[in-house]
Every structure is written in structure tokens, then in C-alpha cells.
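Trainee: Let me begin by handing over the structure; questions about it come next.
The values are calculated or read from the model by the stated rules, or taken from the named source; none is laboratory data. Bear in mind the structure is a predicted one, so any value in this text is a computation, not a measurement. Counting neighbours? That spans all protein chains shown, and the Cβs are built from the backbone with ideal geometry, glycine included.
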């Protein structure tokens, strides 16, 4: 009896030790990411702090680091977001609704589904090549803001579709059934029962996809976004530049002062991203309460 | 109800962005996407006003699209920046898709001027011809490709072109410095080179490697970012690399430059030796290629003239070496011819 109890106790102690060890491991796993990220942020803030001045927002690119700013890049990035957001929202959520609610469950649908999931993982430069062929050359939009925004829309569409589908799928079946039971047709059910409850999830997906787009460089360089732009785009067909391109250009310059500018640019980019993610959280909380 | 919710969501999204936008660029950009050109340009004229009275020259406007080498970019940027101060309504844009990428767009007639860190290749010229693009070539400045080694490397006082070839060329068997020249220590060698797409590599390949191509094994690293090459050489005692003079000049405290011997005694790259041509064969001219049809446009012609007339005084500031004055005069004559 006593022996058995001892064995039990040992076993339990052993499990506790294992539990504790795994606990430590997971804490370590979490902190590696956080610590590295913090170190990066602090490093960039230190490098860029001296350049975070009005000039950065008011000046156009210059060969002199002391006079250079990223006005055209900031405005270019934001214009692109403003064009891209509604486009990718309508197309992406529309496709997700079709695939989840309307599409027959057959081989074709599964094929489309597989394609979309694959596209979500395709390297962004491939979208750049696609954009160059379709928008810049075939549709003759040239190296314009519109061509850039359309290319980026293509890039984020699969992500938005997949995340919206997840959100729609997570709506309990009982909601749909209740709606049908009250005599609502498909669209009424989708519009009034499914989407409101899926909306926070959809919105989070959209904003995260936008955050990805704002940090992309490769596809835009591919379609011919510019590096030196000393004016703000007046219409959709004007050429443009975006923040990551400007930052990369500064990093690659030989003079060390440009690297400080690049750090300041990164801080601005991060601030925009943070704002967008913050908006995503706010919106999600708002709609979570309502439904 | 949903529709209202959704549209509200979109509205909030748009508002959030607008907020960011407004916060980001204080006074600028209020014109919006469909903004009005006259107001914008009037604004620009005001900002840059005073540099030249408007009556003196016809007011130029229009777009000039330039693309190509990232090496030439700082020069073109400098020219565009100063040109814009005199002609605020001419919208000059400069991209950096590389010398090769630039020529491709140039041949397709998509850009007015191509920046190039090497002369146009025959097949590229043929492509341009096929695309109906007639062009002129203008050299704008010199760059001295600098071969650099680690600060702690105390055994190399100079290298010959043959030795460079031996180190870098495809099929090279050099593994330590002892393999380079008798008397060098058996310190392992690490090589750093710009990527094969860059004009810098092309030039090195032609001047040093006899177009045989560069070795590609585990002793060599490639990067499109010259600052990465700087760090590589600075961090490896047996490191050797090459890149534009500006990158050496800015990092002279971290690196040692290698004088190159090509038959007339070792020559170190300096502003003088690059300018007078004695730093050979690694001093190279940088070019702009101008589409002749575009040159008919007064704003393009004015810009190109401005470029050639003024780049000499701005080249040193961005790390390049101006051409001799008589060379600029020759280039200017090409614009007229």
C-alpha cells in the first residue's frame, strides 16, 4: 500500500516537473519573438528619433539627407489604400459569400477553393508580374497609381476571401435556420443573419490584409512604381511611390545619414500599421457588442 | 440594418485612413485624388519661387519618366531636384529597376530616359531599334569601382588585374590568400560581390574577368545592397569585395581600399585618379540614354541640357566623380546634334 502511494506520488511529481518545464519552454518561445521585436523597435527608434520631424512629412526626396522627406511616399501609400480598400472589400467579401452560401458543393467549387488557398501563398513578386502584364501593358494603365492599386487588390484578395470565409463559416447554423424558419429567402438570411455576426471577423481580415499591402515593395517595383516623385498624384493615372520603396532606397544609399532617414521612415510605416490594427480591434469590439 | 452597419463600417475605415492621412502630411495633399492641377502647381511655384523670374524662360510643363540603374539614381535625383526648383511644373519621376530593366522599358518606349551604369549592349540597342526607339548616349559622371579588404588585412598592399581575375573568375581555385600570391598568409578568403543583375557586376566582369563570369561557390556572397557588401568585408578578416566608390568613401573608416596594378604601377581610386583616367581599368563612366523622339519635347530637352550643364558640380556630393569640362561640352553638343 505504502509503496504504491510512493510510486503514485513520484509519478505525480514527475508530471508536475514536466508541466513546469513545458511551461518554461512556452514562456521562452513567446519571449523570443517579443524580445527580438522589442530590440528591433528600440534600435529603429533610436536611429530614427532625430529624423522624426515635420520635414519627413513635408519634404520630397532629395539627394541631401538633411532636406529629404517622404511626403510623396506617405501620400502615395495612403491613396493606394483608399483605392484598394473598397475594391478588395467588395470583391473579396462577395466571393466569400458566394463560395460559402451560394456555390453548389461540387468539384468545380472545390477546385476554385483550392486555387484561392494556393494563391494566398503565392510570392508577391508573381502578382507584380501579373499586374505588369495585365494592368500596365494590356490595359495600358501605365505605371499609375491605379495599376498599382489594382495589382495590390489582386495580391490581398485571396487573403480576404479565405479569412471572410472562415468568419462566415463560424456563424452558427442555428442562426441561418432560425432565419429560414421565419420565411426569409437566401439573401435576406445572408444579409440579416449571417453577415452581421460574421462582420467583425471579416473586418479584421480585411484590415490585416491592408496592413500586408502597405508593407509590400516587390510587386510595386515590378509594375514600375517610382522612387523619386516630387509631386502628389493628381489623378488615378499619375505615377506614384510608396513608403517601403522610399525606405529601401534610403537604406541602400552609401551615406549614413540616409540610414537615419530610413529608420524614421520605418517608424512612420509602423505607426500607420499600428493605427490600422488598432482600428481593426476597435471595429471588432464595436460589432461584437451589437450582435 | 446590415447595410447600414456595413456602410458605417466602410465609412469608419475610410475615416480612420483619412485621419492617418491628415496627421501624416499636415499641410500637403489636401487636393485629394481628383485634386486640381493648377492649384497644386501654383502652390509649387510659390514654394520654389524667387529662384528665377517667370518671364525669363517659357514656362515648361509635362512629365519626364526616367528609370534604370540604381547606381546612377543619385545623380538623376540630384538633377531632377535642382531642375524642379527652376521648373516646378515639369514632373520628373525616377525609378530604379536596374540598368537592364531600364533598357527594357526604354526599348518599349515606356520611358524618356534610361539611367545606365554600363553602355547599352548590342542586343538591347537592337531591341530599341525594333521598337522604333532612336536614342543618344550621354555620359554624365565617372564611378571608380573600388576593391576593398578588411581593416585588419595587413598583407595586401596592392593587387594586379591578373590576381583579381584569379580570385573572382569562374572556376577559381583560390581558397586562401596564400593561393593569391606567394608570401600571403594562409588566411581563408571570403568574397563579396554585387548580384549578376547589376551594371556594377557587368562592368567588373568585362574589365577584370574577361567576360568569363564570376565564380559561384560557398566562398562568395552576392547582394544587391552594397551596404551589405560593406558589412561583409568589414566583418571578415579575409574578406574582399568591390562596389562603387561612394560606398568606399562613406565607409573609409571601416575598410581598406586596394590599389590596382594594371601595368603602370599600383593606383588607388581617388577623385583625381578616377577623373584623369589613371585608375584603370576600374573607373567607369555612367550614362543616361535619351529617346530622340522624347527629346523633341522642350521640357525633356531642357532637363537633359540642365543635367549635362550642372551634374559636374553635383556629382561629388553624391559620391561620384565629375567628367572633365571639355567632356561635358562634347556631351552637350550631342544633344543639339
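Trainee: State all residues of region A:56-71 that are at the interface with chain B (Cβ under 9 Å from one of its Cβ atoms) and in a helix (DSSP H, G or I); if no residue qualifies, say none.
Mentor: Within region A:56-71, A:57, A:58, A:67, A:71 meet the criteria.
Trainee: For region A:26-51, what are the residues that are surrounded by fewer than 17 Cβ atoms within 10 Å (Cβ to Cβ) and either within 16 Å of residue A:260 (Cα to Cα) or in the same structural domain as residue A:149 (by TED's automatic domain parsing) (or both)? Quick ask: steps written out before the conclusion?
Mentor: Within region A:26-51, the first condition is being surrounded by fewer than 17 Cβ atoms within 10 Å (Cβ to Cβ), and the residues that meet it are A:26-43, A:45-46, A:49-50.
A:40, A:41, A:42, A:43, A:45, A:46, A:49, A:50 - these are the residues of region A:26-51 that are surrounded by fewer than 17 Cβ atoms within 10 Å (Cβ to Cβ) and either within 16 Å of residue A:260 (Cα to Cα) or in the same structural domain as residue A:149 (by TED's automatic domain parsing) (or both).
Trainee: Among the listed residues A:253, A:212, A:259, which satisfies the condition of being under 24 Å from residue A:37 (Cα atoms) and at the interface with another protein chain (Cβ under 10 Å from one of its Cβ atoms)? Explain how you work it out, then say what you get.
Mentor: Values: A:253 fails: under 24 Å from residue A:37 (Cα atoms); A:212 fails: at the interface with another protein chain (Cβ under 10 Å from one of its Cβ atoms).
It is A:259.
Trainee: Please work out which one of (1) in contact (Cβ under 8 Å) with a residue 24 or more places away in the chain; (2) over 26 Å from residue B:317 (Cα atoms); (3) in contact with a helix residue (DSSP H, G or I) (Cβ under 8 Å, 6 or more places away or on another chain); (4) part of a loop (DSSP other than H, G, I, E, B) is the condition residue B:269 fails and give its number.
Mentor: It fails just one condition, (2).
Trainee: Moving to a separate point now. Criterion first (more than 7 Å from chain B (Cβ to nearest Cβ), modelled with pLDDT under 90 and either surrounded by fewer than 24 Cβ atoms within 10 Å (Cβ to Cβ) or assigned to a helix (DSSP H, G or I) (or both)) does residue A:283 satisfy it?
Mentor: No, not satisfied.
Trainee: Considering only residues that are closer than 17 Å to residue B:115 by Cβ, surrounded by fewer than 20 Cβ atoms within 10 Å (Cβ to Cβ) and within 14 Å of chain A (Cβ to nearest Cβ), which ones fall in region B:283-317?
Mentor: Within region B:283-317, just B:310 meets the criteria.
Trainee: Here's a follow-up. Which condition breaks for residue A:278 when tested against (1) surrounded by fewer than 21 Cβ atoms within 10 Å (Cβ to Cβ); (2) assigned to a helix (DSSP H, G or I); (3) more than 10 Å from chain B (Cβ to nearest Cβ)?
Mentor: (3)
Trainee: For residues that are more than 9 Å from chain A (Cβ to nearest Cβ), assigned to a helix (DSSP H, G or I) and touching a strand residue (DSSP E or B) at 6+ places or on another chain (Cβ under 8 Å), scanning just region B:80-100, find the one that is nearest to residue B:60 (Cα to Cα).
Mentor: B:83
Trainee: Just wondering, is there one or more residues in region A:29-44 that are at pLDDT 90 or above and touching a helix residue (DSSP H, G or I) at 6+ places or on another chain (Cβ under 7 Å)?
Mentor: yes
Trainee: Any residue that is part of a loop (DSSP other than H, G, I, E, B) and either assigned by TED's automatic domain parsing to the domain that holds residue A:235 or surrounded by fewer than 15 Cβ atoms within 10 Å (Cβ to Cβ) (or both) - is there at least one of those in region A:151-168?
Mentor: no
Trainee: Only one residue in A:62, A:77, A:66, A:124 is modelled with pLDDT under 90 and under 29 Å from residue A:48 (Cα atoms). Which one?
Mentor: Going through A:62, A:77, A:66, A:124 in turn, just one is modelled with pLDDT under 90 and under 29 Å from residue A:48 (Cα atoms): A:66.
Trainee: Taking region A:15-55 as the search range and keeping residues that are within 14 Å of another protein chain (Cβ to nearest Cβ) and part of a helix (DSSP H, G or I), which one is farthest from residue A:231 (Cα to Cα)?
Mentor: Only one residue fits best here, namely A:47.
Trainee: Within region A:196-212, restricting attention to residues that are within 9 Å of the chain's Cα centre (by Cα) and buried (at least 19 other Cβ atoms within 10 Å of the Cβ), which residue is farthest from residue A:82 (Cα to Cα)?
Mentor: A:205
Trainee: Now for a different question. Scan region B:106-135 residue by residue and report those that are part of a helix (DSSP H, G or I) and closer than 13 Å to residue B:294 by Cβ.
Mentor: Those that are part of a helix (DSSP H, G or I) and closer than 13 Å to residue B:294 by Cβ: B:106, B:128.
Trainee: Right, here's the next one. Hey, residue A:171 hits all of (1) surrounded by 17 or more Cβ atoms within 10 Å (Cβ to Cβ); (2) in a helix (DSSP H, G or I); (3) modelled with pLDDT of 90 or more; (4) within 13 Å of chain B (Cβ to nearest Cβ) but one; which does it fall short on?
Mentor: The failed condition is (2).
Trainee: Go through B:249, B:272, B:206 for me and flag whichever is within 14 Å of another protein chain (Cβ to nearest Cβ) and within 22 Å of the chain's Cα centre (by Cα).
Mentor: B:249
Table: residues versus (1) modelled with pLDDT of 95 or more; (2) touching a strand residue (DSSP E or B) at 6+ places or on another chain (Cβ under 9 Å); (3) surrounded by 21 or more Cβ atoms within 10 Å (Cβ to Cβ); (4) outside the structural domain of residue B:324 (by TED's automatic domain parsing).
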residue	(1), (2), (3), (4)
B:223	no, yes, no, yes
B:245	no, yes, yes, yes
B:265	no, no, no, yes
B:274	no, yes, yes, yes
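Trainee: Moving to a separate point now. From the list A:204, A:189, exactly one residue is more than 7 Å from chain B (Cβ to nearest Cβ) and at pLDDT below 90. Which is it?
Mentor: Only one candidate passes the filter, namely A:204.
Trainee: Moving on to the next point. I'm told residue A:44 meets every condition in (1) without any contact (Cβ under 8 Å) to a residue 12 or more places away in the chain; (2) within 26 Å of residue A:249 (Cβ to Cβ) except one. Can you identify the failing condition by its number?
Mentor: All conditions are met except number (1).
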